[in-house]
Amino acid sequence: MVTSGPLPGVPAGAAPLRLRGRTFGVDHPVVMAVVNRTPDSFYAAARHGDDTVDAAVDRAVEEGADVLDVGGVRAGRGPAVDEAEEIARVLPVVRRVRARHPDLLVSVDTWRAGVARAVADAGADLLNDTWAGHDPGLVEVAADRGLGVVCSHTGGATPRSDPFRVTYPAPEGVDPLDGVVADVVATLTAAAARAVDLGVDPASVLVDATLDFGKTTWHSLHLLRRTPQIVQIGHPVLMAISRKDLVGETLDLPPEERLEGTLAATAVAAWLGARVFRVHDVAATRRALDMVAALRAERAPAHALRGML
């Protein structure tokens with residue numbers, strides 16, 4: 001049986017998520033499946049052209065994805081992709097997903113307000129702004145069109161740049177790495193407040209520490225440990241851990257071999273209260289998150305027959 005209240009020693013969970021009138025509570029951790037329309041994504045298995053994207057979407061749905069996150073520009077350095085090309089990559093996918101899977105929530109990973117307007121018209125539900133409001137008009141699109149928005153943290157880094165010896169000063173007498181936590185909490189609190197002030201539903205404002213972006217691996221690992229402080233901001237917490245460099249550098253593994261490390265970090269973040277997880281491996285993540293929810297006494301086992309018959 002699921003308990004009626006929080007268990008002693010279990011960190012508080014992040015606020016429920018609401019998108020397109022659907023609410024995801026503590027009993028349903030949210031899986032956001034990555035489908036990239038980029039030929040140069042850091043993880044080759046997530047790259048999809050016109051000939052593979054529909055099958056990738058169908059598979060994500062079958063494996064338990066709640067949200068599809070469509071990206072049209074590689075996050076890191078690479079060939080330039082202008083706004084028109086980005087729209088040409090992602091807009092047809094949003095339209096096809098809306099037609100093929102009308103109940104699937106659709107997110108678009110972009111920092112450009114122009115792209116946001118185009119996908120909003122096509123039926124997107126969420127704008128995943130991984131570059132921390134670089135285009136301040138993007139959140140205005142979310143408010144105007146009734147979409148959700150992800151507020152992120154990059155430490156001032158500009159789109160498609162890589163971190164180099166970045167530092168976050170901390171007061172004397174505390175863990176030096178707590179400087180990044182303070183900066184993340186302050187940045188996300190302010191960005192979320194602006195979104196709400198503009199009219200975005202507070203339950204549709206996600207906050208993301210944005211691991212690896214503007215951060216060293218030490219910073220990202222520390223932010224994972226401090227997930228409860230991000231939860232305290234009061235909005236659904238998104239974690240994008242999947243196969244990232246923080247996993248690869250910790251375990252000395254290439255992207256293709258980072259699943260186990262990703263799932264371990266995902267389970268810890270979920271235990272500490274994160275709500276939404278952007279992932280490449282939907283089925284494995286769905287199972288890991290449902291197990292954590294059961295351990296947190298937020299979700300009942302699918303079957304509980306042992307010792308009962």
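Quick note: the coordinates plus some simple rules give every number you see, no bench work behind them. Keep in mind it's a predicted model, so treat the numbers as computed, not measured. Note that each Cβ is placed from the backbone with ideal geometry, even for glycine, and that neighbours are counted across all protein chains shown.
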Revision key, fill the gap. For the range 1-141, percent of DSSP beta bridges that are antiparallel (nearest 5) comes out at 20 percent
Check your understanding: Rounded if a/c is under 1.5, else prolate if a/b beats b/c, else oblate: with a ≥ b ≥ c from the C-alpha gyration tensor eigenvalues square-rooted, which is the range 198-309?
Key -> oblate
Exercise for review: Which order do the peptides 210-221, 106-117 take when ranked by the mean count of other beta-carbon atoms within 10 Å per residue, highest first?
Suggested key: 106-117, 210-221
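Find how much the distance from R20 to A267 grows on full extension, using 0.36 nm per residue of separation minus their present alpha carbon separation; answer in nm with one decimal. Intermediate values should be presented prior to the final figure.
Values: separation 247, 0.36 × 247 = 88.92 nm, distance 2.70 nm.
Separation in residues times 0.36 nm, less the Cα-Cα distance, equals 86.2 nm.
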Exercise for review: Can you tell me which of 267-276, 152-161, 72-81, 300-309 comes out highest on packing, and rank the rest after it, using the mean Cβ neighbours within 10 Å?
Suggested key: 267-276, 152-161, 72-81, 300-309
Check your understanding: How far is it, in nm, from the label point at A84 to the one at D40 when both lie 7 Å from their Cα along the line to the Cβ?
Key -> 2.0 nm
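Could you compute the net charge surrounding F24? Neighbours are other residues with a C-beta less than 14 Å from the C-beta of F24; K and R count +1, D and E count -1. Don't skip to the end; give the middle numbers.
Values: positive: R18, R20, R22, R275, R286, R299; negative: D27, D66, D103, D125, D201, D290, E298.
With Lys, Arg at +1 and Asp, Glu at -1, the net is -1.
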